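We did not get these values from a lab; they are worked out from the coordinates using the rules stated. Remember, predicted model here, so these are calculated numbers, not experimental data. Cβ: placed from backbone, ideal geometry, glycine included. Neighbour counts: every protein chain shown.
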């Protein structure tokens, strides 16, 4: 089962190691990881997409909340959250097929970020399925490189990750 | 106060009320040791860093205070690892101060450099790398707060050599300000109400107590709970001493080598109240068959322990200092009805315990470990602290040595660290000089930190070491005998090391007792002596710890005697 977790942590060296250590100890493979600053400079926010059994995930969330440098942990429900990640795709193209490729890109709202005589680079954001469909259509033209950022997740509505902080016994702080 | 970082560490220790530290000097902590010299701060020099960390751990377990140890960078710090992991799994409060190479050398594979924060992250409650002296007061304040509050645990402070030397204006903070950690553990009162309701309905309740009762100093509430409502009590290894071993409803230790009555009571009860336990695999037997007929209730401070190993029906999350008194208050009106509901069950469990005590077949010619430990138990007062190493002697001590109070039984429960006992006993005696401290060890375990006998001699630390000497790795051979066709792969010592001579060579007294008729007089003579003494008691090679619940079996499938 796939899961998406947001972890609000103190913006300090060594914290990422402790958080990621919780996953490696249980042999959970991380599908995507993204770390970035937040509106307040003292916090960083880590978004982790991974697969694992649900009952172990509950345990993992509690263990994560126990780390003194972790301020809040939030498990996302796909229906209540927005997921985004960016992909860059470098593709072979010549004068003869460039317009065809650009048409496909337009359908997917992919942006051209670099044009060379023999290559194009696209930038595309959005859900996984959209990116996969786009790359499948580009495959016949010859994909040279694909690179993806870690996905990030944000809950819809007024709830924020810090609202989880104030609910002890739920996903937040701090029963230890 | 304008002082250097090293002095700031000492001043912070003083501010935290630290009376004694254990350690071993080296390059990266020379500045710190210079300040220890100048301030005459009480410090015990062990013979190995592992000895220092276990001693700090024994000190912490015996006193309830935070234990402190110091080691240098690189190998000094890595020698602490086993001790930190031992303390972490048993939730023992420690502050471990390690030196780190100077800031400009960090990350350059410098001499005696190791990534201590990286190595210790999975086995500490928290850790710090300090590069600037100005950070030291805050970090020390936080470290002691994190180590000692909530569910206790070890905290490592790795301090760069130049931070020890740098001077700054020292001021110790009054409070900590941690965004991700409160240390306050008041739970939801409603959860206690539902436990009271469940208890009123129960006919066959059992209290299952653990190390959390000891670390929270709540054994008095627990004893009152059990005795006022007539509910039988069983304990984990770590919980020994919570209950009075002479009290009626006490069934003894549960689990792999637990008592018959405890294990059967767990299997037959209709309500199991776990207090400060973590349902370790050594105590549950096969997990999905643990207390199969019971609703399980879990009192614990740590949210992450709930439903970790055993699914519980009800949980009370919070400090036992908060939950247990409140629970007693709320049950007060129902005490007599609960008592009468459970009368039959209570009497049944007491009878079961009386009919099936821990036992052994006496040998006509040889001294048996069980016999020696029982005798020593009879000779010791209720204020005696029993420390153990790990193996057969550990289980026999848990079975046959009566532990009358909390913090009187010190053992490496979770990690099972051989070599833990001697330094831990040393720390326990230094923390509790008024108590008699006994160490039970084996001829395997004692060798793993035998260098600390020299420390005993240096400081004349008055502990009595009882080595149960069977010339084999007892627990390993027991498993090989039972499950590996008696193929004793590397578990028999070929040469018989003379442990008495080792003791004497290190500067402490050593005696050997071989003959059965000498046991009583020999022990009496030795216990009357002052100062550290080692007694080597020779016992037969083949002897099993029983009862035993083999791995993957239910608790009621325990083997009581003979082969499996």
Arrange the peptides B:432-441, B:415-424, A:24-33 so that the one whose residues have, on average, the most other Cβ atoms within 10 Å appears first. B:415-424, B:432-441, A:24-33
Would you list B:96, B:342 from fewest to most Cβ contacts within 10 Å? B:342, B:96
Which ordering of B:412, B:374 is given by a fewest-first count of other beta-carbon atoms within 10 Å? B:374, B:412
Spatial separation of Cα centroids for the stretch B:277-301 and the stretch B:118-181, in angstrom: 36 Å
Once every DSSP H run of n ≥ 4 in chain B is given -39500 (n - 2.57) and the sum is divided by its residues, what mean residue ellipticity at 222 nm do you get, rounded to the nearest 500 deg cm²/dmol? -11000 deg cm²/dmol
In vacuum, with every alpha carbon of the stretch B:245-310 counted as one equal point scatterer, what does the Debye formula give for log10 I(q)/I(0) at q = 0.14 Å⁻¹? Two decimals, please. -0.40
Under the Kirkwood approximation for Rh and a Cα-based Rg, what ratio Rg/Rh is obtained for the stretch B:124-233? 1.19
10 Å binning of all Cα-Cα separations within the stretch B:21-88, expressed as whole percents from 0 upward: 23, 52, 23, 1
Find the Rg to Rh ratio for the stretch B:72-159, where Rh is the Kirkwood radius over alpha-carbon pairs and Rg uses the same atoms. 0.97
Indicate the gyration tensor shape class of the stretch B:306-347 (rounded, prolate or oblate), computed on the Cα atoms with a ≥ b ≥ c the square roots of the eigenvalues: a/c under 1.5 is rounded; otherwise a/b larger than b/c is prolate and the rest oblate. oblate
Normalised contact order of chain B, rounded percent, pairs of Cα under 8 Å and 6 or more residues apart: 14 percent
The stretch B:465-564 pair-distance distribution - Cα-Cα, 10 Å bins, rounded %: 14, 34, 28, 20, 5
Quote the Stokes-Einstein diffusion coefficient, in whole µm² s⁻¹, for the protein assembly as shown, based on the Kirkwood radius over alpha carbon pairs, a temperature of 10 °C and a viscosity of 1.306 mPa s. 56 µm²/s
Between the stretch B:345-407 and the stretch B:20-86, how far is it from one alpha carbon centroid to the other, in angstrom? 33 Å
Extent along principal axes [Cα atoms of the stretch B:369-545; Å; largest to smallest]: 48, 35, 34
Equivalent ellipsoid semi-axes - Cα gyration tensor, chain A, angstrom: 38, 15, 15
Grab every C-alpha pair in the stretch B:354-442, bin the distances at 5 angstrom width from 0 up to the longest one, and report whole percents. 3, 15, 24, 24, 19, 10, 5, 2, 0
Considering every Cα-Cα pair within the stretch B:2-169, what fraction, in whole percent, is farther apart than 26 Å? 16 percent
If one puts a single equal scatterer on every Cα of the stretch B:189-268 and applies the Debye formula without solvent, what log₁₀ I(q)/I(0) results at q = 0.21 Å⁻¹? -1.00
How big is D, in µm² s⁻¹, for chain B by Stokes-Einstein at 37 °C and 0.692 mPa s if Rh is the Kirkwood radius over C-alpha pairs? 134 µm²/s
Would you calculate the volume per residue, in Å³, of the smallest convex hull containing every Cα atom of the stretch A:86-148? 67 Å³
Most exposed first by the Cβ proxy, i.e. fewest other Cβ within 10 Å, how do A:37, A:152, A:67 rank? A:37, A:152, A:67
I need the fraction of alpha carbon pairs in the stretch B:189-355 separated by more than 22 Å, rounded to a whole percent. 33 percent
Using the C-alpha atoms of the stretch B:273-338, what convex hull volume per residue, in cubic angstrom, is computed? 93 Å³
